[in-house]
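**Q** There's a structure below that I have some questions on.
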Amino acid sequence: MMSTRHLAFPHVWRERPWADIALDHRELADHNPALPHLRAITESVLAGDGAQQLSALTSHYDLLVTPRPVPTHPPIEYLHVRTDLEPGTGYVVIEHVTPSGRNDKISRPPTEAVALFWRFVAEKFGITSGT
């Protein structure tokens, strides 16, 4: 059986307001010690002009981010921010997912999540934090 490689976001992008995501991430961080980096990333987006330059949606504990303007038709290039919940790691994983399948993925400790996020945003989308 052949496996299918994941290539970009295959659906219409239904963004959520960053303020709503921030509220959810505050609640998640308050109740789950493995997820404070989500709150930190979201707050860093809201602290600058990131909310005007980046569009986001969420999926469970994951954050998906793409630059504005968002393409109206898939596939859509995006960053996938998630937590490796394997016991003992708790690392943040950020993956740049592209239509070509030439994806980049890095995992780091949660203390490096905000810097890693903005590094990916700058390198992949040419957008800086604006703070």
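The values are calculated or read from the model by the stated rules, or taken from the named source; none is laboratory data. Fair warning: this is a prediction, and the values are worked out from it, not measured in the lab. Cβ coordinates were reconstructed from backbone atoms using ideal geometry, including for glycine residues, and neighbour counts include every protein chain displayed. Side chains included, ligands, DNA and RNA excluded: accessible areas come from the protein's heavy atoms. Shrake-Rupley method; radii C 1.70, N 1.55, O 1.52, S 1.80 Å.
**Q** Among residues belonging to the stretch 55-83 that are farther than 13 Å from Glu15 by Cβ and surrounded by fewer than 13 Cβ atoms within 10 Å (Cβ to Cβ), point out the one that is modelled with the highest pLDDT.
**A** In this case the residue turns out to be His73.
**Q** For the stretch 104-116, what are the residues that are touching a strand residue (DSSP E or B) at 6+ places or on another chain (Cβ under 6 Å) and either open to solvent by less than 30 Å² (accessible area, probe 1.4 Å) or in contact (Cβ under 8 Å) with a residue 60 or more places away in the chain (or both)?
**A** Matches in the stretch 104-116: Pro110, Ala113, Leu116.
**Q** Does Asp30 fit the bill of being of a type in the set (Asp, Glu), surrounded by fewer than 20 Cβ atoms within 10 Å (Cβ to Cβ) and over 23 Å from His11 (Cβ atoms)? Before the answer, list the steps.
**A** Values: of a type in the set (Asp, Glu): yes; surrounded by fewer than 20 Cβ atoms within 10 Å (Cβ to Cβ): yes; over 23 Å from His11 (Cβ atoms): yes.
Yes, satisfied.
**Q** So which residues in the stretch 117-131 are assigned to a loop (DSSP other than H, G, I, E, B) and at pLDDT 90 or above?
**A** Hits for the stretch 117-131 are Gly126, Ile127.
**Q** In the stretch 61-88, how many residues are touching a Lys or Arg at 6+ places or on another chain (Cβ under 9 Å) and without any contact (Cβ under 8 Å) to a residue 40 or more places away in the chain?
**A** Qualifying residue count for the region: 3.
**Q** Another one. Identify all residues within the stretch 9-21 that are touching a helix residue (DSSP H, G or I) at 6+ places or on another chain (Cβ under 9 Å), surrounded by 18 or more Cβ atoms within 10 Å (Cβ to Cβ) and not β-branched (Val, Ile, Thr); write none if there are none.
**A** If we filter the stretch 9-21 for residues that are touching a helix residue (DSSP H, G or I) at 6+ places or on another chain (Cβ under 9 Å), which is where we start, we get 16-19, 21.
With surrounded by 18 or more Cβ atoms within 10 Å (Cβ to Cβ) added as a condition, the list becomes 18, 21.
Residue satisfying the conditions is Trp18 alone.
**Q** Ok, one more. Of all the residues that make up the stretch 34-54, how many are open to solvent by 10 Å² or more (accessible area, probe 1.4 Å) and touching a residue at least 40 places away in the same chain (Cβ under 8 Å)? Even if it seems obvious, please write down each step before you answer.
**A** First, pick out the residues of the stretch 34-54 that are open to solvent by 10 Å² or more (accessible area, probe 1.4 Å): 34, 36, 39-40, 43-44, 46-49, 51-53.
Imposing the further condition that a residue be touching a residue at least 40 places away in the same chain (Cβ under 8 Å) reduces the set to 34, 36, 40, 44, 47-49, 53.
Total satisfying the criteria: 8.
**Q** Which one is nearest to Gln53 (Cα to Cα), of the residues in the stretch 65-116 that are among the hydroxyl-bearing types (Ser, Thr, Tyr) and in a loop (DSSP other than H, G, I, E, B)? Please lay out each step first, then the result.
**A** As a first pass, look at the stretch 65-116 and keep what is among the hydroxyl-bearing types (Ser, Thr, Tyr): 66, 72, 78, 83, 89, 91, 98, 100, 107, 111.
Filter once more, so that each one left must be in a loop (DSSP other than H, G, I, E, B): 72, 89, 91, 98, 100.
Numbers: Thr72: 16, Thr89: 31, Tyr91: 26, Thr98: 19, Ser100: 23 Å.
Per the stated criteria, the residue is Thr72.
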